Amino acid sequence: MRSFRRWLFPLISACWLAVPPAHAATDPPSAAQRMIEALASASSSVVGIRVTAAEDARSADTLGQRRIGTGVLIAPDGLILTIGYLMLEAEQIEIVTQDNKTVPARPVAYDLATGFGLLRPLLPVQSLGQVSVAVLGSSQRLQTGEPLMAVTGPQTDEDGAVNMTQLVSRRAFSGTWEYHIESALFTSPPILSSGANHSGAPLFNQQGELVGIGSLLVSDATGENQRVVGNMFVPVDLLRPILAEMQRSGTSMKSRRPWLGLNSNDQDGRIRIMRISRDSPAEDAGLEAGDVVLAVDGVQVATLESFYKKLWDRAAPDAEVSLTVMHGAEVKTIVLKAQDRLLTLKKPSSI
């Protein structure tokens, strides 16, 4: 990468090694150099991603038609890991190499349950240039305050960037878009690159091992009701059990679950609908922004986590769902026929 190696070493030395790990005092003098070499190798596994979605893609309503982000090479055959929403209903995908060339790519898999996406270049892996393969690590041993490295991929008009950050929180995360994972990684300070390159940005530990994939820019990284801007990363620990299944089938079985087409938030024990997706079960049932969800199948729900888990607690993704909602001052029960979200998306024939 044209700019990475130019300032990777001084950046790490100034921002990271100035506050060394607790065990550094007993490490041999070469330990710091080995760490820098591992991080340099990790940064060279990163590529940029450019996506153009189909003109009539539903996901374009929220994600836009043109998207940029980051990916990381995780296998010698060219398999690249990123955040899956970049690839939704993609008409064209390009990989931007570290010398700012573009290589066409195809989608391999999208996992709704975790949010991971996989893609592969259409040309031989050598077309990506001098790119290394990232080593999959684990987030299990990460400690709050531990220094980490997040890397954004290049774009055709912009080099990638190395960002030194630290873990500030690890907790369950419920997204407004019918998404939940049990353990997300939150870091601060946030990725500083322009645009939306935090999408899919890999997070590396001090050994240069991949521990997370960037998903969101957040304003409450600590989770303590304080304004601390940072990023949310999906831990790669969630990838290991489903990686083979994703490559084989294009997704995981856990992604085959009911979808209503709601964007909601929870506050003070209430789940308020903020947005209804077009042509969704929620729209068909007449739900509106501002409605409050009180119960699912007669069971009271007060958080997004409880709402989603009750919604997904059924065998078929297209099963009927009974929602008790408050519309203004009126409380009513609405029966919806849920959908398999993956079947509602325009999917390239390659998956």
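The values are calculated or read from the model by the stated rules, or taken from the named source; none is laboratory data. Just so it is clear, the model here is predicted, and its values are computed rather than measured. Backbone-built Cβ (ideal geometry, glycine too); neighbour counts: all protein chains shown. What goes into the accessible areas is simple: the full protein's heavy atoms, side chains included, and nothing from ligands, DNA or RNA. Shrake-Rupley method; radii C 1.70, N 1.55, O 1.52, S 1.80 Å.
Of all residues in region 98-124, those that are more than 19 Å from residue 83 (Cα to Cα) and acidic (Asp, Glu) have Cβ atoms under 9 Å from Cβ atoms of residues that are at pLDDT below 95 and open to solvent by less than 10 Å² (accessible area, probe 1.4 Å), 6 or more apart or on another chain, in 99/154. Note on region 208-245: residues that are within 20 Å of residue 117 (Cβ to Cβ) and exposed (fewer than 15 other Cβ atoms within 10 Å of the Cβ) total 3. Among the residues in region 230-239, are any without any contact (Cβ under 8 Å) to a residue 60 or more places away in the chain and over 25 Å from the mean Cα position of the chain (by Cα)? Within region 230-239 (the criterion being without any contact (Cβ under 8 Å) to a residue 60 or more places away in the chain and over 25 Å from the mean Cα position of the chain (by Cα)), the answer is no, since none of the residues qualifies.
Selection within region 117-126: residues that are farther than 19 Å from residue 43 by Cβ and either over 22 Å from the mean Cα position of the chain (by Cα) or among the charged types (D, E, K, R) (or both). The member of this set that is least open to solvent (accessible area, probe 1.4 Å) is 120. Could you please give the count of residues in region 127-173 that are open to solvent by less than 50 Å² (accessible area, probe 1.4 Å) and free of Cβ contacts under 8 Å to residues at least 24 places away in the same chain? Looking only at that region, the number is 1. Here residue 322 fulfils each of the conditions (1) open to solvent by 80 Å² or more (accessible area, probe 1.4 Å); (2) in a strand (DSSP E or B); (3) of a type outside the set (Asp, Glu) apart from (1).
Scan region 38-57 for residues that are in contact (Cβ under 8 Å) with a residue 60 or more places away in the chain and open to solvent by 60 Å² or more (accessible area, probe 1.4 Å) and the total you get is 2.
Does residue 346 satisfy the condition of being under 26 Å from residue 111 (Cα atoms) and either touching a helix residue (DSSP H, G or I) at 6+ places or on another chain (Cβ under 8 Å) or open to solvent by 20 Å² or more (accessible area, probe 1.4 Å) (or both)?
Considered against the rule, which asks whether it is under 26 Å from residue 111 (Cα atoms) and either touching a helix residue (DSSP H, G or I) at 6+ places or on another chain (Cβ under 8 Å) or open to solvent by 20 Å² or more (accessible area, probe 1.4 Å) (or both), residue 346 comes out as yes.
Checked against the criterion of being within 13 Å of residue 72 (Cβ to Cβ) and under 16 Å from the mean Cα position of the chain (by Cα), the candidates 114, 152 yield just one match: 152.
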